[in-house]
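The values are calculated or read from the model by the stated rules, or taken from the named source; none is laboratory data. What you are looking at is a predicted structure, and each value in this text was computed from that prediction instead of being measured. All Cβ positions, glycine included, derive from the backbone under ideal geometry; neighbour counts span all protein chains shown.
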């Protein structure tokens, strides 16, 4: 029945709703992009904030007021959330055929919650006493009579290439005065994403919306992404397969596709698909029937092998193991030996109760191997077959931060037992809650930060690089084993489709998906433990600027250096957005969360120089392709 509904949704195109207001014009600007609106008294187009009000002088020149200063608008960059503004009309210190330099003090811009100086700017500096600021060549305008970007009296400085130097996100240009510079110029060009290689002179400001205002701003087919140059700022962006500005009250998101080598939009993408839809429906039903038949055969084969005392899916006679993956053998345990390993599944051995997702116990096999045993409650034979299928899928997955599945037991009715390898260094919950008791050492901030990156990375990997996607839908600190290097080994993944539709789409699970669950775990990592009211209390304190009251006292927040306090603030911000936007609507994806946490963790590793992180971290980055994501998608990463 589910597959019929899903395929019908594929056949019947969704209704495309129009967005926004008639385009506003001013001089050479035929269209003013959302969220900017002219301050002309029009009732159309409710403003998110007065910060985006524009004024059109004499119907020819467009201005924006930021703080107490007025700037002329030269260009909009809709794709990167930017607006190019002109320099002030102050005294020119130096001129060349390329550009003029202006007094550093004359550009009196101050960053706020809505605007920041974009990292896309290439800055020309004049009269600097510190030559180490200069770059050999960072693109842009060239003088006709020279082969370098600047004449001998100028200095090339790319804000995007700055690595903890003079300028950082949130600063103005006046910071260059500390290096003895007298004047500046700025432009964006082909190296910073402008169209057709055109060089645009001026200062590019990035705009964004505070996180607490963006929740209702995005279109149904849009999601929120983080700004690069506005601290804690966000924008809306259309998901893959849709085009537009991403804002519900702007252009929204319109379906687009390719037909006969040309791009088409909206309903045209769904034309003449009814015949194809019928074929998909028939094929889907046949595929479902074949899958069920295969799983039933698998189930009875396992039952038969249990009676023989051996099990092998590839060979009918073997030495007591099932081969689910080439080179990896998965053992079929008996209920009796797992009962013995857990002392009769006693409460003392219980690690975490996942509600409808089952219970995880700690155990020790007769050969001394430590294991985690996931007791799953099935109600029908169909449920049991689904669990076996999921175990088979997971046993073929190799990720440094997922605990290896050793095998399972199915000889106890509709209660299958899944056995994970347990590295034997306790769970994250134990490390957080038992710190300081009987002399036990707690996790330092470096280890906690690394754990956040590893955990979000493995969840992103399972959701985006495995088909069908694998979700957890029961994430708790008790499901996170730690090895001797304090690297994450995740257990307790969802084995029954309580929280997804079975076809890769995330649906609410008690209105809480994995992103929400990760937000709770991040708060527990910050606070050093769990409580029933942690999320409510912590969110209120974080939003009131009292992060120090949330952070675990064992981390000694007030004694930490500034960069670590900033990292704690970033993790708190990520946790806040996970709780606010992780309720099942898909507006904040696990990939977005993982990018941020991996990024800040990498910066922490770089900051401490030669200190190396746990061995699993680099492998985690490699497995989940997150380093590539970072390099390709800078606009979706918060950069401190």
### Query
Only one residue in 580, 547, 539 is surrounded by fewer than 20 Cβ atoms within 10 Å (Cβ to Cβ), over 22 Å from residue 486 (Cβ atoms) and either within 15 Å of the chain's Cα centre (by Cα) or not assigned by TED's automatic domain parsing to the domain that holds residue 445 (or both). Which one?
580
### Message
With the requirement that a residue be assigned to a loop (DSSP other than H, G, I, E, B) and in contact with a strand residue (DSSP E or B) (Cβ under 9 Å, 6 or more places away or on another chain), what does region 214-235 give you?
### Response
214, 215, 217, 219, 221, 227, 228, 229, 230, 231, 232
### Message
Return the residues of region 236-246 that are under 18 Å from the mean Cα position of the chain (by Cα), surrounded by fewer than 24 Cβ atoms within 10 Å (Cβ to Cβ) and in a loop (DSSP other than H, G, I, E, B); say none if nothing qualifies.
### Response
239, 240
### Message
When the residues of region 413-431 are narrowed to those that are under 19 Å from residue 392 (Cβ atoms) and part of a loop (DSSP other than H, G, I, E, B), which ends up nearest to the chain's Cα centre (by Cα)?
### Response
416
## Note on the structure
Counted residues in region 448-467 being touching a residue at least 60 places away in the same chain (Cβ under 8 Å) and surrounded by fewer than 21 Cβ atoms within 10 Å (Cβ to Cβ) come to 3
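Per-residue answers, yes or no, for (1) assigned by TED's automatic domain parsing to the domain that holds residue 339; (2) over 27 Å from the mean Cα position of the chain (by Cα); (3) in a strand (DSSP E or B); (4) within 25 Å of residue 526 (Cα to Cα):
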site	(1), (2), (3), (4)
366	yes, yes, no, no
373	yes, yes, yes, no
379	yes, yes, no, no
392	yes, yes, no, no
400	yes, no, no, yes
407	yes, yes, yes, no
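Rundown of residues vs (1) at pLDDT 75 or above; (2) in a loop (DSSP other than H, G, I, E, B); (3) not assigned by TED's automatic domain parsing to the domain that holds residue 182, yes/no style:
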residue: 62; (1), (2), (3): yes, no, yes
residue: 76; (1), (2), (3): yes, no, no
residue: 79; (1), (2), (3): yes, no, no
residue: 98; (1), (2), (3): no, yes, no
residue: 129; (1), (2), (3): no, yes, no
residue: 147; (1), (2), (3): no, yes, no
## Note on the structure
Filtering region 550-577 down to residues that are surrounded by 15 or more Cβ atoms within 10 Å (Cβ to Cβ) and free of Cβ contacts under 8 Å to residues at least 24 places away in the same chain yields 557, 565, 569
### Subset of region 553-603 that is in a loop (DSSP other than H, G, I, E, B) and modelled with pLDDT of 90 or more - its residue that is farthest from residue 237 (Cα to Cα)
556
